[in-house]
1. Evaluate the following for Arg284: is it touching a residue at least 40 places away in the same chain (Cβ under 8 Å), open to solvent by 10 Å² or more (accessible area, probe 1.4 Å), among the basic types (Lys, Arg) and outside any strand (DSSP E or B)?
2. Hey, can you tell me all the residues within the range 118-131 that are closer than 14 Å to Leu97 by Cβ, more than 9 Å from the chain's Cα centre (by Cα) and open to solvent by less than 70 Å² (accessible area, probe 1.4 Å)?
3. Does Pro220 satisfy the condition of being open to solvent by 20 Å² or more (accessible area, probe 1.4 Å) and either over 22 Å from Leu128 (Cβ atoms) or in contact with a helix residue (DSSP H, G or I) (Cβ under 8 Å, 6 or more places away or on another chain) (or both)?
4. If you take the residues of the range 208-249 that are assigned to a loop (DSSP other than H, G, I, E, B) and small (Gly, Ala, Ser), which of them is modelled with the lowest pLDDT?
5. Just checking, how many residues over the range 144-155 are assigned to a strand (DSSP E or B) and over 19 Å from Leu128 (Cα atoms)?
6. Across the range 174-204, which residue is most open to solvent (accessible area, probe 1.4 Å) among those that are polar (S, T, N, Q) and in a loop (DSSP other than H, G, I, E, B)?
7. Take the range 222-280 and flag every residue that is of a type in the set (Gly, Ala, Ser), more than 25 Å from Leu159 (Cα to Cα) and under 31 Å from the mean Cα position of the chain (by Cα).
Amino acid sequence: MDLFQAMTVYVKVVEAGSMTAAAQSCGMSTTMVGNHLRALEQRLGVSLLKRTTRKQSLTEFGGIYYQRCLEVLGLVASSEQLAEQAHSDVPKGLLRLTAPPAFGAERLAPALSEFSRRHPQIQLYVMLSNQSMDLIDSGFDAAIRLGELQPSSLIARPLQDYTMALCASPDYLARRGTPRVPEDLQQHDCLAFAYPSHDDWRNADRIWRLRGPEGTVEVPISGPMTINSSQALRRAAVQGMGIVMLPDALIGPDLLNGNLIALLPGYHPPHRPTHLLYAQDRYRLPKLRAFVDFVMEKWAR
């Protein structure tokens with residue numbers, strides 16, 4: 001017995017309402033439909049249908065098994081579609097991506113407009129989060145990650161480092177003065193980002209590390225707010241609430257128009273390593289290969 005064919009016939013019988021109608025839909029004889037059903041019931045050891053001369057109805061188990069058949073046949077169909085896409089030269093289908101919020105909003109999202117023009121048959125689903133979600137379990141095709149990576153079976157392609165800068169608004173500096181050396185930060189209101197517990201910068205809400213002419217300096221900081229949103233920190237800084245350490249990609253326009261002023265030019269926060277991650281076995285999909293090529297073209301180290 002071909003189990004998948006028998007399951008398909010059973011689904012057709014349930015949905016068509018009779019073996020005769022199912023036979024017409026499947027392009028086989030009513031006798032053959034009956035043979036598939038009997039073979040399936042013998043394999044399972046339980047009845048799926050209650051048959052009378054006038055109608056048929058599902059047994060309790062038959063109803064449950066019908067739903068399972070739908071799930072199994074759906075998985076088989078999607079797997080075949082996946083294989084078909086893998087052999088197609090045209091990148092198409094749904095591409096699921098995840099990236100950190102600041103990078104995603106300021107770098108990735110603007111670039112995806114160009115990517116979509118190049119590959120109009122790819123639909124994008126983008127999740128911006130500071131959480132390092134499991135690509136396989138969460139069903140993502142690729143991720144952009146900041147910070148040091150944990151060992152895994154994923155392919156990790158290095159990208160340009162993510163750079164940060166210290167800044168404050170002209171209003172804040174007029175009221176509180178401008179720090180000249182890192183130690184001056186201890187006398188200022190410093191607004192901190194709340195990094196996730198797994199992040200290698202998770203202590204940056206208490207200590208800022210700056211690289212200078214004599215190496216790395218660690219400065220304890222304090223202030224009126226710690227928050228897990230880079231955009232919220234930027235807005236608070238523009239309003240004069242305090243000094244912030246934020247990605248260059250986010251504050252670049254504010255530095256150009258004077259809403260924020262860069263501080264301590266001889267000292268810089270450490271660069272954050274950035275990687276593009278994806279599973280090796282999914283790289284055969286044209287949609288993922290197209291995205292990987294695009295990202296490396298834009299931000300390869």
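1. Yes, satisfied.
2. Answer for the range 118-131, where residues must be closer than 14 Å to Leu97 by Cβ, more than 9 Å from the chain's Cα centre (by Cα) and open to solvent by less than 70 Å² (accessible area, probe 1.4 Å): His119, Ile122, Leu124.
3. Against the criterion (open to solvent by 20 Å² or more (accessible area, probe 1.4 Å) and either over 22 Å from Leu128 (Cβ atoms) or in contact with a helix residue (DSSP H, G or I) (Cβ under 8 Å, 6 or more places away or on another chain) (or both)), Pro220 qualifies.
4. Ser229
5. Within the range 144-155, residues that are assigned to a strand (DSSP E or B) and over 19 Å from Leu128 (Cα atoms) number 1.
6. Ser197
7. Ala232, Ala236, Ala237
The values are calculated or read from the model by the stated rules, or taken from the named source; none is laboratory data. Note that the structure is a prediction, hence the values are computed from the model and not measured. So basically every Cβ, Gly included, is an ideal-geometry build from the backbone, and we count neighbours across all protein chains shown. Surface accessibility is based on the protein's heavy atoms, side chains included, excluding ligands, DNA and RNA. Shrake-Rupley method; radii C 1.70, N 1.55, O 1.52, S 1.80 Å.
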